[in-house]
Amino acid sequence: YMKDGLVIYVVICPELYEREGTPYVDDNGRDWPDNHIRFARLGLAAADFAAGALTPLWRPELVHAHDWPAGLAPAYMRWRGQATPSVFTIHNLAYQGMVSRTSRRELGIPEHALGLDGMEFHGKLSLLKAGMAYANHITTVSATYAREITTPGFGCGLDGFLHSKAEQGLLSGIANGIDASWDPETDDHLICRFGANDWAGKAMNAEYVRRLFDLQPSTGPLFAVVSRLVFQKGLDLTIGVAAHIVSQGGQIVVIGRGEPEEEQAVRELALGFPGQVGVRIGFNETDARRMFAGSDFLLMPSRYEPCGLSQMYAQRFGSLPVARKTGGLADTIEDGVSGFLFDEPTLESYTAALTRAINVFANPELLNAMRCRAMRAPFNWHQAIKPYSRLYLRLLKTSRSMAPTLDGETS
């Protein structure tokens, strides 16, 4: 039981889940070879709950599954003929949970699910596509990303399938929110808490960050990267504009972990600009929060970004994002008001946005007005849950109207 009374059920199976590494990969970054079994069991447990088979105390009215690890939950429910409605949310279409067709019997997948309108994807089975194919409704984590994934450029080979779902009104985009702990006036992680127009408090966090990353003292703009270090995030673009930032008096700090080649690339960047660029491989929430609080700008040149949370954290802490106009970044940043957007994943487009940001930094009155606007952005979960509530109620209404009555007719 949680403090607020919420009950959390846990699937306990040491043979499947108690092991070193992450939930998905071993210590060397390789997928666990039995991932298909591990996450099929998770999906089956959800389906069992929905059927009322696991506890007499509770049975859900609706099941909401997220990404490929839970993709088989709506599928098992549909194959069993369960009436409980389901929602499936795509957080990142690029991660599809691919398994061999030879796993069909092992996972209890019916033969009719092997078609193009089921789980089949380029000769294999996709757990992500299972969730999309069999849920009553698909959501993704921003309205722009929901549109993007119906196009060849962002659809990862599933754009036609998703376009069909969108045409049927079965695909929508609902942005994530952030929790109440992201408040610079109350956050105990910070060196100094602060509010809008209390820029001395923000400056104390900036001073700490510069010391942490061994940067030289500076009154110029401080740019932060708080990110997974993967190709998607456009780190090569930030490396390409670093010289421009430093030449304009800026400094860059980077924290994160990810692909070995990306980690090495940012290490080499720091070596090329000692005292002006600092890098810490790994992740520490306290330092990340202090980076959001102390930086003037957050760099997010993502090639695609389903939703993104860092740009919301940054705005709440008065750090203006410089970001690619894609996915959730396009939906949560007001260009020239709470941050800076650029259209193309090119050095030229990125540099133009950075130049705009640096020019604003030179105008303290405008900079502080943008900071205040960003800090007031309505990103709390109590805003984000409203469209989910409407969706849930609509699906429940439809489900109840289709339920058979005592005389065998639908109600």
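The numbers here are math on the coordinates, done by the rules we state, and not lab data. Note that the structure is a prediction, hence the values are computed from the model and not measured. Neighbour counts run over all protein chains shown; Cβ positions are idealised from the backbone, glycine included.
Work out the charge dipole of region 199-376 with +1 on the Cβ of Lys and Arg and -1 on the Cβ of Asp and Glu about the Cα centre, then indicate which of LEU341, VAL360, GLY318 is farthest towards its positive end.
With unit charges placed on the Cβ atoms, the residue in question is GLY318.
Tell me, in nm to one decimal, what length is gained between ILE385 and ALA203 on full extension, where the rule is 0.36 nm per residue of separation less the Cα-Cα distance? Walk me through the numbers before you get to the answer.
Numbers: separation 182, 0.36 × 182 = 65.52 nm, distance 3.41 nm.
Taking 0.36 nm per residue and subtracting the Cα distance, the gain is 62.1 nm.
Quick check on packing: order 225-232, 153-160, 293-300 by the mean number of other C-beta atoms within 10 Å, highest mean leading.
Packing proxy ranking, top to bottom: 293-300, 225-232, 153-160.
Using a Förster distance of 56 angstrom, determine the FRET efficiency expected from the C-beta separation of ALA83 and THR219, and round it to 0.05. Present the calculation step by step, with values, prior to reporting the outcome.
Numbers: r = 64 Å, r/R0 = 1.14.
With a Förster radius of 56 Å, E is 0.30.
Calculate the dipole size of region 199-376 relative to its Cα centre from +1 charges on Lys and Arg beta carbons and -1 charges on Asp and Glu beta carbons; express the result in debye to the nearest 20.
Values: 18 positive and 19 negative charges, 117 e Å.
I would put it at about 560 debye.
Of the candidates TYR313, TYR95, TYR145, which one comes out as most mobile in a Gaussian network treatment of the chain with C-alpha springs shorter than 10 Å?
TYR95
What is the calculated FRET efficiency for SER401 to HIS91, with r their C-beta to C-beta distance and R₀ = 25 Å, to the nearest 0.05? Please report the intermediate quantities before stating the final value.
Details: r = 30 Å, r/R0 = 1.22.
The calculated FRET efficiency here is 0.25.
Starting from the amide H of HIS91, placed 1.01 Å from N in the peptide plane, find each other amide H under 5 Å away whose residue is 5 or more places distant or on another chain.
Those lying under 5 Å, H to H, from HIS91 are ASP67.
Please list 233-242, 382-391 highest first by mean number of surrounding beta-carbon atoms within 10 Å per residue.
Working: 233-242: 21.9, 382-391: 12.9.
Most protected by this proxy first, the peptides run 233-242, 382-391.
Given the Cα-Cα distance of THR286 and ASP343 and 0.36 nm per residue of separation, how much length would full extension add, in nm?
Working: separation 57, 0.36 × 57 = 20.52 nm, distance 3.21 nm.
Contour length minus the Cα-Cα distance gives 17.3 nm.
Could you tell me the distance between the Cα centroids of region 61-89 and region 179-207, to the nearest Å?
41 Å
Got a sec? Charge dipole of the chain, +1 on Cβ for Lys and Arg, -1 for Asp and Glu; which of ALA200, GLY81, ALA46 is way out at the positive end?
It is GLY81, whose Cα lies furthest towards the positive end.
So if each residue of separation counts as 0.36 nm, and I subtract the Cα-Cα distance between GLU106 and GLU334, what length gain in nm does that give? Please report the intermediate quantities before stating the final value.
Values: separation 228, 0.36 × 228 = 82.08 nm, distance 4.91 nm.
Working it through step by step, the gained length comes to 77.2 nm.
Which value in nm describes the separation of the simple spin-label points at ASN363 and VAL10, placed 7 Å from the Cα toward the beta carbon?
About 5.4 nm separates the two model spin labels.
Most mobile of ASN176, ASN359, ASN205 per a Gaussian network model of the chain (Cα springs, under 10 Å)?
Maximum among the listed residues: ASN359.
Using alpha carbon centroids, what distance separates region 212-261 and region 307-361, in Å?
Going from one Cα centre to the other spans 15 Å.
Taking R0 as 35 Å, what FRET efficiency do you get between ARG59 and GLU185 from their Cβ-Cβ distance, rounded to the nearest 0.05?
On the way: r = 42 Å, r/R0 = 1.20.
According to the calculation, E is roughly 0.25.
Could you tell me which of LEU212, ASN92, HIS382 has its Cα farthest along the dipole of the chain towards the positive end, charges placed at Cβ (Lys, Arg +1; Asp, Glu -1), taken about the Cα centre?
In the chain, that residue is HIS382.
Membrane-span-like helices in the chain: DSSP H runs reaching 30 Å or more (Cα, own axis), mean Kyte hydropathy at least -1.0?
Values: long enough: 381-402 (31 Å, -0.58).
Within the chain the helices that satisfy the rule are 381-402.
Under 5 Å between amide H atoms, partner at least 5 residues away or on a different chain: which partners does ARG324 have, H built in plane at 1.01 Å?
Excluding prolines and chain starts, which carry no amide H, the hits are MET300, SER302, PHE342.
Could you tell me which GluC sites (Glu not before Pro) in region 27-113 are loop residues by DSSP with no more than 13 other beta carbons within 10 angstrom of their beta carbon?
Numbers: sites: GLU61, GLU106, GLU111; in loops: GLU61.
Passing sites in region 27-113 are GLU61.
Where the only charges are on Cβ atoms (+1 Lys, Arg; -1 Asp, Glu), what is the dipole of the chain about its Cα centre, to the nearest 20 debye? Please list the in-between numbers first.
Values: 39 positive and 45 negative charges, 134 e Å.
So the dipole magnitude of the chain works out to roughly 640 debye.
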